[in-house]
1. Which of the following values of Cα extents along the principal axes in Å was calculated from the structure shown: [x] 48, 24, 19; [y] 96, 20, 14; [z] 33, 31, 28?
2. Have a look at 47, 29, 60 and tell me which one the Gaussian network model of the chain (Cα, springs below 10 Å) gives the largest fluctuation.
3. Points 7 angstrom from Cα along the Cβ direction at residue 37 and residue 14: gap in nanometres?
C-alpha cells in the first residue's frame, strides 16, 4: 500500500498565510465594532448626564428652588 503524503511545506505555508489574513480581517472588524460601541457608550453617558441635569432642575423648580441634593 502506498504511503499517503500530507500537504507539502508550500501548501502548509499557504494555508497558514491564509488563516493569518483571515484573522487579521476578523481583528480589524472586531476593532471597528468596538469603536462603534465606544462611541455609543460616550454618547449615552452624555445623554444620561443631560437627563439628570434636566430632572434635577425640574425637581428644584417644583420644590420652589430649595436645594434638592442636601437631603431636605
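1. [y]
2. Residue with maximal mean-square fluctuation among 47, 29, 60: 60.
3. 3.7 nm
Rule-based calculations on the coordinates, nothing more; no lab input. Please read these numbers as outputs of a predicted model, since none were measured by experiment. For neighbour counting, all protein chains shown are included, and Cβ atoms are generated from backbone atoms with ideal geometry for every residue, glycine included.
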